[in-house]
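Notes to accompany the following structure.
The values are calculated or read from the model by the stated rules, or taken from the named source; none is laboratory data. Since we're looking at a predicted model, the values are computed, not measured. Reconstructed Cβ throughout: ideal geometry from the backbone, glycine too, with neighbour counts over all protein chains shown. Just so you know, the surface numbers come from the protein's heavy atoms only, side chains and all, with ligands and any DNA or RNA stripped out. Shrake-Rupley method; radii C 1.70, N 1.55, O 1.52, S 1.80 Å.
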Amino acid sequence: HVFPLFRVLKEQWIRAKYEREEFVVPLLSLASAGSREGFLWKRGRDSRQFLKRQFLLSAREGVLKYYTKESKGPKAVISIKDLNAMFQTEKIRNPHGLQITYSKEGQTRNLFVYHESGKEIVDWFNAIRAARFHYLRTTFPTAPEAELIPRITRNYFKEGYMEKTGPKHMEAFKKRWFSLDSQERNLLYFKDPLDAFELGRVFIGSKEQGYEVQAGLPRGVRGKRWKAGLTIVTPHRKFVFVCENDREQKEWIALGFEPHDFMSLDFCSEFIQTKHCEAKP
């Protein structure tokens, strides 16, 4: 059962304009619009169960917090600087599913949440965007708005399964879920699509820096089940993958790794992670 990705956004935009007439009132300030409190259903870090959790977003404090029933203080305090949100209706299997990501100790941490109300989840998404824009506007006051807007929130450029071997290219290929974050120039990989933490990442730099994506596998390397090979060459090592079929291989190369897909801004050093993180296969 597949849910169209932005159906909830379109539906709530129509309702806001014609039913609730929200567009006829003055816009809130970014700080006010970027503040929200309420309950969301959150997937457990180590379980598949969704539990009701209280969330608090404050653009003025620059944080998103959430609480469990058992904890007195916040379970997590997340800086808006590292915050991102994207609708993930298919992955979460809910028409109002939202994926919230942030950086924790150098790793990507995922929160998967939903709400029964389409309006409520869209309001949360818009509040996160307002808080992010408030952060960007105050942190980079001279940057043109046209450069800030694409960095408010972002979707992963491509996601899907590939199989990956280890640094010696002799290890068994293991099936992993990959997410391409083109803004951060990182290819993240997870054991499962709804994992709370990444297993590792591959930073994808420019050809001038010694990075290249090649179709095919190094000599002597063969996938066990899948045969459509893909090699990412970095200054430190070659990362070797196999895709389920030729179509997936071509999509990863053409849609995921072409240089024009990556944005470059004068202040990109604040966003682009240049640390090359290698983790277990």
Hey, can you grab everything whose amide H is under 5 Å from the amide H of GLN88? Only 5+ residues off in sequence or another chain; H modelled, so Pro and N-termini drop out. GLY97, LEU98, GLN99
What list of ³J(HN,Hα) couplings, whole Hz, do you get for the stretch 193-199 from phi and the Karplus terms 6.51, -1.76, 1.60, once you set θ to phi - 60° and write x for glycine and proline? x, 9, 5, 6, 10, 6, 7
If I take R0 = 25 Å and measure r between the Cβ atoms of ASP192 and VAL221 in this structure, what FRET efficiency does the formula 1/(1 + (r/R0)^6) give, to the nearest 0.05? 0.50
Phi angles of the stretch 181-189, converted by Karplus (6.51 cos²θ - 1.76 cosθ + 1.60, θ = phi - 60°) into ³J(HN,Hα) in whole Hz with x for Gly and Pro, give 9, 5, 5, 8, 6, 10, 9, 8, 9
List, in order, the whole-Hz ³J(HN,Hα) value for each residue of the stretch 144-149 obtained from phi through the Karplus relation with A = 6.51, B = -1.76, C = 1.60 and θ = phi - 60°; use x for Gly and Pro. x, 4, 5, 8, 6, 4
Accessible area of the stretch 122-165 divided out per residue, in Å², using a probe of 1.4 angstrom: 39 Å²
The stretch 51-201: relative contact order as a whole-number percent, Cα under 8 Å and 6+ apart: 16 percent
